[in-house]
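The values are calculated or read from the model by the stated rules, or taken from the named source; none is laboratory data. What you see is a predicted model; the values in this text were computed from it and never measured. Positions of Cβ are generated from backbone atoms using ideal geometry, with glycine treated the same way; all protein chains shown enter the neighbour counts.
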Amino acid sequence: MSLLESITPQPANSGQRSLWASVREALRGSHQDYTTGSLNRSILLLAIPMVLEMVLESLFAVVDVFWVGRLGADAVATVGLTESMLALVFAIGIGLSMSTTAMVARRIGEKKPEEASIAGMQAIVLGLVISLTLGIPAGVFAPRLLALMGASPAIVAGGSGYARIALGGCGAIVMLFLNNAIFRGAGDAAIAMRLLWVSNIINLILDPCLIFGLGPFPHMGVTGAAMATFTGRSIGVLYQFWRLARGTERLVGLAHHLRVNLSVMTRLLRVSITGILQFAIGHVSWIFLVRIVAMFGAASVAGYTVAIRIVVFFILPSWGLSNAAATLVGQNLGAKNPDRAAQAVWRTGFYNMLFLGLIGIFFVVFATPVVRLFIADPAVIPIAAVALRTFACGNVGYAYGMVMLQAFNGAGDTVTPTIVNFFGFWVLELPLAWLLAVTLGMRGEGAFLSIVVAECSMALAGIVLFRRGRWKKQKI
């Protein structure tokens, strides 16, 4: 049965009303029990706000490179090199948020909202400590880090301001991920969506103003892109704290929950360490991958950056679907209903495959015209087009892989995805990228192809391991 069939009774007119009613309910947000009732409806109510949340996040990523692309290849390369270093920050933020979502969702499924609130607040304490520990040294040493990444003297000179703000303000990234993970785990997906929309709309408005000095704003060039992002994210984080302090139908963010609870903190750290390692393995591998691409010049890095930003525009909504699966797994395991959790994952993976498969076909056919929308440099366009076509060939693998691995995270089993990531990225992708790009002389195209091979292999491994069902017995 399809998603629309399950939520759309006959006759057709009544079905359309039911569908739009469900959509409005998903956008508005309401107190639902996702451990009972129609599974497809539960997927719909969680997925719509989560997908829309990621749509605007991905829109910002594309619009950002659209404006920066007007400044030339060096500016785009600055963004690409800095973001490859931010990969470690994203790994920490996502890894911590996955464990937080799993713990909060499990407590909600067990009908223990007070314990869910405690888990969420302990995660915030941990996130604040990590943010300060990372942000201060990263901002101070940003120019040196750019140089270590292979940036030319011109890129270091023009991009140091961007790197200082982006790396020094990385705490906003960690807290944005973490706070929304609390809302998602509780099933308050609509709140998480609205919070990220506030942050990203501010980004979208400030981006061209600060880059080009529109109106009363200063002309900051590529540095303005970092300032716009930091400002938007920081305001979003403040809004999150305000919303958590007010509480929701499922969570109450009271001040006494912020007192360190060693039992909860220990469990959170145990799951978070492997969760962080899981995403660090993947994200740090991107640093070395970009380093390989940088061997072939700024045009190659710029082409890779443009293609990745375009892909991210469509991958992030799929990540929203994966987040819905993770929440359903956590809550249904808490409710002692593992079969319903497994069924949610298989259905979500199928819907994700249909979506990304169609997007992949579009990119294979229209790669060059799409790339031309974002950059006019004749040296960059063909590289970006090749990268986009290559990445698109792995879309079906990405679709299933991200849902399967997120399902393990939702169950609190962060070890299995960590092992899969290690073998996929470090044992397969990086050696293959060097072999194809350098040894066999395929240059950037070889590195692009290694990503597809690795991601599809990881998806297959995730499916096999998920079918074994050990995740159903995971304690958290």
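Would you be able to say whether some residue in the range 249-257 is hydrophobic (A, V, I, L, M, F, W, C) and either on the phi > 0 side of the Ramachandran plot or surrounded by fewer than 16 Cβ atoms within 10 Å (Cβ to Cβ) (or both)?
Within the range 249-257, the first condition is being hydrophobic (A, V, I, L, M, F, W, C), and the residues that meet it are 251-252, 254-255.
Filter once more, so that each one left must be either on the phi > 0 side of the Ramachandran plot or surrounded by fewer than 16 Cβ atoms within 10 Å (Cβ to Cβ) (or both): 254-255.
Taking every residue of the range 249-257 in turn, at least one turns out to be hydrophobic (A, V, I, L, M, F, W, C) and either on the phi > 0 side of the Ramachandran plot or surrounded by fewer than 16 Cβ atoms within 10 Å (Cβ to Cβ) (or both).
Is it the case, given these coordinates, that residue 331 is within 26 Å of residue 85 (Cβ to Cβ) and in contact with a helix residue (DSSP H, G or I) (Cβ under 7 Å, 6 or more places away or on another chain)? Explain how you work it out, then say what you get.
Working: within 26 Å of residue 85 (Cβ to Cβ): no; in contact with a helix residue (DSSP H, G or I) (Cβ under 7 Å, 6 or more places away or on another chain): yes.
No: the conditions fail for residue 331.
In the range 430-451, what residues are aromatic (Phe, Trp, Tyr) and over 25 Å from the mean Cα position of the chain (by Cα)?
Hit for the range 430-451 is 434, nothing else.
Table: residues versus (1) within 17 Å of residue 342 (Cα to Cα); (2) in a helix (DSSP H, G or I); (3) within 19 Å of the chain's Cα centre (by Cα).
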{"position": "391", "(1), (2), (3)": "no, yes, yes"}
{"position": "406", "(1), (2), (3)": "yes, yes, yes"}
{"position": "425", "(1), (2), (3)": "no, yes, yes"}
{"position": "453", "(1), (2), (3)": "no, yes, no"}
{"position": "465", "(1), (2), (3)": "yes, yes, no"}
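Could you say which residue among 460, 435, 405 is out of contact with any Ser or Thr (no Cβ under 6 Å at 6 or more places or on another chain), under 20 Å from residue 94 (Cα atoms) and of a type in the set (A, V, I, L, M, F, W, C)?
Being out of contact with any Ser or Thr (no Cβ under 6 Å at 6 or more places or on another chain), under 20 Å from residue 94 (Cα atoms) and of a type in the set (A, V, I, L, M, F, W, C) holds for just one of 460, 435, 405, which is 405.
In this structure, does residue 65 turn out to be within 19 Å of the chain's Cα centre (by Cα), in a helix (DSSP H, G or I) and of a type in the set (A, V, I, L, M)?
When the stated conditions are applied, residue 65 passes them.
Looking at 150, 80, 158, 139 in this structure, which one is touching a helix residue (DSSP H, G or I) at 6+ places or on another chain (Cβ under 9 Å), over 30 Å from residue 261 (Cα atoms) and not in a helix (DSSP H, G or I)?
Checking each option against the conditions leaves just 150.
For the range 116-138, enumerate the residues that are crowded, with 17+ Cβ neighbours inside 10 Å and either free of Cβ contacts under 8 Å to residues at least 60 places away in the same chain or not small (Gly, Ala, Ser) (or both). Walk me through it before giving the result.
At the first step, the residues of the range 116-138 found to be crowded, with 17+ Cβ neighbours inside 10 Å are 116-124, 126-127, 130-131, 134-135, 138.
118, 121, 122, 124, 126, 127, 130, 131, 134, 135, 138, listed by residue number.
Can you list residue pairs whose Cβ atoms sit under 6 Å apart, with the first residue in the range 363-392 being among the charged types (D, E, K, R) and the second being at pLDDT below 90 and crowded, with 20+ Cβ neighbours inside 10 Å? Count only pairs 6 or more apart in sequence or on different chains.
Final answer for the pair search is 377/73.
Read through the list (1) farther than 28 Å from residue 269 by Cβ; (2) modelled with pLDDT of 90 or more, then give the number of the only condition that residue 137 fails.
Single failed check for residue 137: (1).
Taking the residues in the range 203-236 that are aromatic (Phe, Trp, Tyr) and in contact with a helix residue (DSSP H, G or I) (Cβ under 7 Å, 6 or more places away or on another chain) as candidates, determine which candidate is nearest to residue 174 (Cα to Cα).
Among residues in the range 203-236 that are aromatic (Phe, Trp, Tyr) and in contact with a helix residue (DSSP H, G or I) (Cβ under 7 Å, 6 or more places away or on another chain), the one nearest to residue 174 (Cα to Cα) is 230.
Does residue 319 satisfy the condition of being under 14 Å from the mean Cα position of the chain (by Cα) and in contact (Cβ under 8 Å) with a residue 60 or more places away in the chain? Quick ask: steps written out before the conclusion?
Numbers: under 14 Å from the mean Cα position of the chain (by Cα): yes; in contact (Cβ under 8 Å) with a residue 60 or more places away in the chain: yes.
Against the criterion (under 14 Å from the mean Cα position of the chain (by Cα) and in contact (Cβ under 8 Å) with a residue 60 or more places away in the chain), residue 319 qualifies.
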